[in-house]
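One structure below.
The values are calculated or read from the model by the stated rules, or taken from the named source; none is laboratory data. None of these values were measured; they are calculated from a predicted model. Heads up, the Cβs are rebuilt from the backbone with ideal geometry, glycines too, and the neighbour counts pull from every protein chain shown.
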Amino acid sequence: MLLKGNTRGAGSWAEYLFKNTNDRAQVLDIRGTSFPDSLAQSILEMSLTGAQAGSTKPFMSVSINPSPGEDRTMTYEQWLRSADIAEKWLGLEGQRRFVVLHEKKGKDGEPRTHIHVGWERYSREDGKLISDSHMRHRLVQAKIQMELEFGHKRTKDYDRQHYAIAKRIEAELEAQGRMAKREVADRFAENSPDISKRETTRQERVDRVARLFSDNVPDPADKESNLRRILEDQEKRDRERDQGQEPD
C-alpha cells in the first residue's frame, strides 16, 4: 500500500479529480459541507475558511493506493475506513472532508483503483490551521494500520517521496561527516609542530644515525683474531678425531 500526502490550495482541484484520464471517478463521501451533492461547491466552501486564516494551502490531501490486486478486494466500507485511519493519524478527526475514488489502467493494462481524500485544515476550535508537521511519518503509521486491519501484504514503510527525503538526509549526514573530518584535520594542522623549527635538521639526523652505526661496527683486527681462533679450534677437533679421542 502506498500513501502520499501534501497540503494544497483549491485551484482546479475538482477539475483534476474528474479529469477524463480516469476510466472511472466516483465521489464516495462528502462530510460537513452545505453541499453534500456537489464536490466543486464543497471544495469552494471549505477553501473560504482557509482564506480567513490567511493560508494559500487550506487543504490536506492524501492519496491511498493499495497494492495491485488488493485494490480490487477493497469494499466501499474499507475505502472509507482507510480515510478514517489516515485522518486519525493526521489529527484531522471531525474536519470537513471529501473522498473520491479513481479507477484507471496501470502500466500493465490492468485497472487500478485508489482514492483521494481532502480535508479542511481550518480548526473551528482555535481558528488556526492544523499543522502538517511529520506528515510522512504519520502516513507511514496509518499505512501500517491499514495493512494489518485489511489483511494486506506488508510493504516498505516509506513512499517514493519519503525515500527521496531519506536519501537527501543521508547525503547531508555524509557531508557533515566529511566536514567533521576536515575540521579535525584543520585542528591537527593548527596544533602540529612546524617542521622547519625542529631542533635537528635532516642532515643532523643522518649524521647521528651514521655515528650509531659506526660505533657498532667491529674492529677489523678483532675480526681477524676471531677468525684465527675459529680455525685453531677446528684443527684441534680434527687431530683429536684422528687419534680416536672424543673432541672437547
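Please verify whether segment 136-147 includes one or more residues that are part of a strand (DSSP E or B), over 30 Å from LEU48 (Cα atoms) and at pLDDT 90 or above. Walk me through it before giving the result.
Our first condition is that a residue be part of a strand (DSSP E or B); within segment 136-147, this holds for none.
Looking for residues that are part of a strand (DSSP E or B), over 30 Å from LEU48 (Cα atoms) and at pLDDT 90 or above, one finds none in segment 136-147, hence no.
Looking at LEU17, is it over 23 Å from MET146 (Cβ atoms) and among the aliphatic types (A, V, I, L, M)?
Values: over 23 Å from MET146 (Cβ atoms): no; among the aliphatic types (A, V, I, L, M): yes.
Answer is no for this residue.
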statement: LYS105 fails exactly one of (1) farther than 30 Å from GLY50 by Cα; (2) under 28 Å from the mean Cα position of the chain (by Cα), namely (2)
message: Which numbered condition in (1) in a helix (DSSP H, G or I); (2) surrounded by 14 or more Cβ atoms within 10 Å (Cβ to Cβ) is the only one that VAL117 fails?
response: (1)
Positions within segment 36-93 being in a helix (DSSP H, G or I), surrounded by fewer than 18 Cβ atoms within 10 Å (Cβ to Cβ) and hydrophobic (A, V, I, L, M, F, W, C), in sequence order: ALA40, LEU44, LEU48, ALA51, LEU80
query: Cβ-Cβ below 8 Å, separation at least six or inter-chain, first residue in segment 34-48 and in contact (Cβ under 8 Å) with a residue 40 or more places away in the chain, second part of a helix (DSSP H, G or I) and surrounded by 15 or more Cβ atoms within 10 Å (Cβ to Cβ): which pairs?
result: LEU39/ALA14; LEU39/LEU17; ILE43/TRP13; ILE43/ALA14
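Of the residues in segment 2-35, how many are assigned to a strand (DSSP E or B) and not basic (Lys, Arg)?
Within segment 2-35, the subset assigned to a strand (DSSP E or B) is 2-8, 24-31.
Cutting the leftovers down to not basic (Lys, Arg) gives us 2-3, 5-7, 25-30.
Number of matching residues: 11.
When the residues of segment 114-144 are narrowed to those that are among the acidic types (Asp, Glu) and within 15 Å of VAL62 (Cα to Cα), which ends up nearest to the chain's Cα centre (by Cα)?
Taking segment 114-144 first, the residues among the acidic types (Asp, Glu) are 120, 125-126, 132.
Within this subset, residues satisfying the condition of being within 15 Å of VAL62 (Cα to Cα) are 120, 132.
On the way: GLU120: 31, ASP132: 20 Å.
Looking at the filtered set, the residue picked out is ASP132.
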field: Test result for ASP159, modelled with pLDDT under 90, surrounded by 19 or more Cβ atoms within 10 Å (Cβ to Cβ) and out of contact with any Gly (no Cβ under 8 Å at 6 or more places or on another chain)
entry: yes
